[in-house]
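The values are calculated or read from the model by the stated rules, or taken from the named source; none is laboratory data. These figures come from a predicted structure and were not determined experimentally. Ideal geometry is used to build each Cβ from the backbone, glycine not excepted, and the neighbour counts take in all protein chains shown. The accessibility values were calculated without ligands, DNA or RNA, using every heavy atom of the protein model including side chains. Shrake-Rupley method; radii C 1.70, N 1.55, O 1.52, S 1.80 Å.
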Amino acid sequence: MTETPLHRAHPVLQGDYYTRHFTSGSSTGDPMDGDTLILNLGPQHPSTHGVLRVVVELDGEYIRRAEPVLGYIHRMHEKMGEVKTYLQYLPNMGRVDYLHALAWNWAYVGAVERLMGLAVPPRAEYIRVITCELNRINSHLLWWGAYILDLGGFTPILYAFADRERIMDILQLVTGSRLTYCYYRFGGVSADIGETFIRQTEAFVKDFKKRLPMYHDLVTANMILRGRCEDVGILPLEMARRYGATGPVLRGSGLAYDVRRMEPYSVYPRFDFDIPVGRKGDAMERYDVRLAEIGQSLRIIEQALADLPDGPYLSPDLPEQIRPPRGEVYFAVEGARGKIGVYLISDGSEKPYRVKLRSPSFSNLHLFAELSQGTLLADAISIMGSLDLVIPEIDR
């Protein structure tokens, strides 16, 4: 195992001591051990966000070892997929990641459509892009407000929630929901968008493009935030790859991997947008990547609204009963936290034979154990927040 760069590291946690004891998972018996403290971080808000418990071993203010403990809210989503019909299982997707539910909707319906060879009308594809990107901005705004709250700043979350309300009002017009959306359908979407939706979305994009610089003035340039994030939790690209990290966590370490570009789906190849990346891979660059992604999502929405085609919003070839042919399929989309993958096996019946979900938070969390070793406890909170974890997604 490659030695992790340690920020503000305790001397005994560097060099051979680190290699011999922390990569092997034990520090028992070393004369330099001294007194340590076992501390539970979570499950609680803030910092571990409700249902994640992390057991840490401390030497003073420095972390010797950290172990994420999962299972406090296991929902058995994959197993439920085997006992429900394809359509009955669709609402589960909004509960796997309640902050970017539409991306999970898309991954699941996309897998079934690929298995069935079902074409989606162009208008439906554009509607999916617009609504999914609005939901991505919504997710990043909640992360932004909650992350600053984790670090001790209360005011920014009020700004974030004010802007999220506008997005939720818009999405409620067509989905009927404000959080756990179940809007996409096999072959399209459940309802068309109207002039009110288009007008309100255009107004939001125009207003928020002017408002986003205020976020940087209020928070990004703040010396306290930068002191808590710069050179904290430096994630080398090799380590990110080793753990299977994706999304802003991976892009913050310098790799411009985005499913919308690298494994193109839907009509994303028609749009002009950039893939924000960092260089150093610290918490500050993961922060910067997410804020930059909000701007890119606004660009995509603008282009999609300008080119929105007429036509049906649901495939006319959709059968009354969903019975994909025998076979297996994998379909991936880019979620707010990284690569979302759905693997299905069909036996030709109305229920999936097997469902396997690839959740980005699962991979992104597990690098925390190695990344936090040797850091200050306060820095570990900053590192964890910079990973943007959704715990139900992890436990599935």
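Among Thr175, Thr196, which is the only one that is over 20 Å from the mean Cα position of the chain (by Cα) and in contact (Cβ under 8 Å) with a residue 24 or more places away in the chain? Before you say what the answer is, go through the steps one by one.
On the way: Thr196 fails: in contact (Cβ under 8 Å) with a residue 24 or more places away in the chain.
It is Thr175.
Within the range 135-148, is there a residue that is in a helix (DSSP H, G or I), in contact (Cβ under 8 Å) with a residue 40 or more places away in the chain and open to solvent by 30 Å² or more (accessible area, probe 1.4 Å)?
Within the range 135-148, the subset in a helix (DSSP H, G or I) is 135-148.
From what is left, the residues that are in contact (Cβ under 8 Å) with a residue 40 or more places away in the chain are 135-137, 139-144, 146-148.
After this cut, where a residue has to be open to solvent by 30 Å² or more (accessible area, probe 1.4 Å) as well, the list is 142.
Looking through the range 135-148, at least one residue is in a helix (DSSP H, G or I), in contact (Cβ under 8 Å) with a residue 40 or more places away in the chain and open to solvent by 30 Å² or more (accessible area, probe 1.4 Å).
In the range 63-103, what residues are hydrophobic (A, V, I, L, M, F, W, C), in contact (Cβ under 8 Å) with a residue 60 or more places away in the chain and more than 20 Å from Tyr353 (Cβ to Cβ)?
Correct list: Ile63, Ala66, Leu70, Ile73, Leu99, Ala101, Leu102, Ala103.
Based on this model, can you work out whether Asp16 counts as modelled with pLDDT under 90, farther than 30 Å from Tyr184 by Cα, of a type outside the set (Lys, Arg) and part of a loop (DSSP other than H, G, I, E, B)? Walk me through it before giving the result.
Working: modelled with pLDDT under 90: yes; farther than 30 Å from Tyr184 by Cα: yes; of a type outside the set (Lys, Arg): yes; part of a loop (DSSP other than H, G, I, E, B): no.
No: the conditions fail for Asp16.
Return the total of residues in the range 267-284 being surrounded by fewer than 18 Cβ atoms within 10 Å (Cβ to Cβ), not hydrophobic (A, V, I, L, M, F, W, C) and not in a helix (DSSP H, G or I).
4
Could you check Gln321 against (1) over 21 Å from Gly281 (Cβ atoms); (2) modelled with pLDDT under 95; (3) buried (at least 21 other Cβ atoms within 10 Å of the Cβ) and say which number it fails?
(3)
Considering only helices (runs of 4 or more DSSP H) fully contained in the range 350-396, which possess at least 2 residues that are hydrophobic (A, V, I, L, M, F, W, C) and over 25 Å from Met80 (Cα atoms)? Working first, answer last.
On the way: elements: 360-366, 368-371, 377-386, 391-395.
Counting at least 2 such residues, we get 368-371, 377-386.
Answer with yes or no whether Glu165 is of a type in the set (Asp, Glu) and farther than 24 Å from Phe362 by Cβ. Show your work before the answer.
On the way: of a type in the set (Asp, Glu): yes; farther than 24 Å from Phe362 by Cβ: yes.
So Glu165 fits the description; yes.
Just a yes or no: is a residue in the range 44-66 more than 26 Å from Gly152 (Cα to Cα), open to solvent by less than 50 Å² (accessible area, probe 1.4 Å) and among the aliphatic types (A, V, I, L, M)?
So in the range 44-66, the residues more than 26 Å from Gly152 (Cα to Cα) come out as none.
Checked against the condition, which is being more than 26 Å from Gly152 (Cα to Cα), open to solvent by less than 50 Å² (accessible area, probe 1.4 Å) and among the aliphatic types (A, V, I, L, M), the range 44-66 yields no hits at all.
Scanning for something touching a Lys or Arg at 6+ places or on another chain (Cβ under 7 Å), of a type outside the set (Val, Ile, Thr) and closer than 18 Å to Tyr98 by Cα, does the range 202-220 turn up at least one residue? Spell out the reasoning first.
Looking only at the range 202-220, we keep the residues that are touching a Lys or Arg at 6+ places or on another chain (Cβ under 7 Å), and these are 204.
Still in the list and also of a type outside the set (Val, Ile, Thr): 204.
Checking which are closer than 18 Å to Tyr98 by Cα leaves us with none.
So far as the range 202-220 goes, no, none of its residues is touching a Lys or Arg at 6+ places or on another chain (Cβ under 7 Å), of a type outside the set (Val, Ile, Thr) and closer than 18 Å to Tyr98 by Cα.
One residue is enough: does the range 116-123 have a residue meeting the conditions touching a helix residue (DSSP H, G or I) at 6+ places or on another chain (Cβ under 8 Å) and in a helix (DSSP H, G or I)?
no
Answer yes if at least one residue in the range 211-230 is closer than 29 Å to Asn92 by Cα, surrounded by fewer than 16 Cβ atoms within 10 Å (Cβ to Cβ) and under 22 Å from the mean Cα position of the chain (by Cα), and no otherwise.
First, pick out the residues of the range 211-230 that are closer than 29 Å to Asn92 by Cα: none.
No, that holds for no residue.
Leu250 - would you say it is in a helix (DSSP H, G or I), open to solvent by less than 50 Å² (accessible area, probe 1.4 Å), more than 24 Å from Arg128 (Cα to Cα) and touching a helix residue (DSSP H, G or I) at 6+ places or on another chain (Cβ under 7 Å)? It would help to see each step written out before you state the result.
On the way: in a helix (DSSP H, G or I): yes; open to solvent by less than 50 Å² (accessible area, probe 1.4 Å): yes; more than 24 Å from Arg128 (Cα to Cα): yes; touching a helix residue (DSSP H, G or I) at 6+ places or on another chain (Cβ under 7 Å): yes.
Considered against the rule, which asks whether it is in a helix (DSSP H, G or I), open to solvent by less than 50 Å² (accessible area, probe 1.4 Å), more than 24 Å from Arg128 (Cα to Cα) and touching a helix residue (DSSP H, G or I) at 6+ places or on another chain (Cβ under 7 Å), Leu250 comes out as yes.
For the range 304-315, check the following and say yes or no: at least one residue is open to solvent by 30 Å² or more (accessible area, probe 1.4 Å), closer than 25 Å to Leu142 by Cβ and in contact with a helix residue (DSSP H, G or I) (Cβ under 9 Å, 6 or more places away or on another chain).
Taking the range 304-315 and keeping what is open to solvent by 30 Å² or more (accessible area, probe 1.4 Å), we get 306-314.
Now restrict to residues that are closer than 25 Å to Leu142 by Cβ: none.
No; the residues of the range 304-315 include none that is open to solvent by 30 Å² or more (accessible area, probe 1.4 Å), closer than 25 Å to Leu142 by Cβ and in contact with a helix residue (DSSP H, G or I) (Cβ under 9 Å, 6 or more places away or on another chain).
From (1) farther than 19 Å from Asn135 by Cβ; (2) out of contact with any Leu (no Cβ under 8 Å at 6 or more places or on another chain), pick out the condition that doesn't hold for Tyr313.
Among (1) farther than 19 Å from Asn135 by Cβ; (2) out of contact with any Leu (no Cβ under 8 Å at 6 or more places or on another chain), Tyr313 violates only (1).
What are the residues in the range 183-207 that are more than 20 Å from Pro122 (Cα to Cα) and part of a loop (DSSP other than H, G, I, E, B), if any?
none
Just to check your reading of the model, which residue among Glu350, Glu334 is touching a residue at least 24 places away in the same chain (Cβ under 8 Å) and over 30 Å from Asp288 (Cα atoms)?
Details: Glu334 fails: over 30 Å from Asp288 (Cα atoms).
On inspection, the qualifying residue turns out to be Glu350.
Among the residues in the range 155-169, are any within 29 Å of Phe331 (Cα to Cα), touching a strand residue (DSSP E or B) at 6+ places or on another chain (Cβ under 8 Å) and open to solvent by 10 Å² or more (accessible area, probe 1.4 Å)? Let's see the steps before the verdict.
Initially, the range 155-169 is screened for residues within 29 Å of Phe331 (Cα to Cα), giving 164, 167-168.
Still in the list and also touching a strand residue (DSSP E or B) at 6+ places or on another chain (Cβ under 8 Å): none.
So far as the range 155-169 goes, no, none of its residues is within 29 Å of Phe331 (Cα to Cα), touching a strand residue (DSSP E or B) at 6+ places or on another chain (Cβ under 8 Å) and open to solvent by 10 Å² or more (accessible area, probe 1.4 Å).
Regarding the range 186-194, can at least one residue be identified that is at pLDDT 95 or above, open to solvent by 40 Å² or more (accessible area, probe 1.4 Å) and among the hydroxyl-bearing types (Ser, Thr, Tyr)?
There is at least one residue in the range 186-194 that is at pLDDT 95 or above, open to solvent by 40 Å² or more (accessible area, probe 1.4 Å) and among the hydroxyl-bearing types (Ser, Thr, Tyr).
Filter the range 330-353 down to the residues that are more than 15 Å from the chain's Cα centre (by Cα) and either open to solvent by 10 Å² or more (accessible area, probe 1.4 Å) or among the acidic types (Asp, Glu) (or both) and list them by number.
Within the range 330-353, Tyr330, Phe331, Tyr343, Ile345, Asp347, Gly348, Ser349, Glu350, Lys351, Tyr353 qualify.
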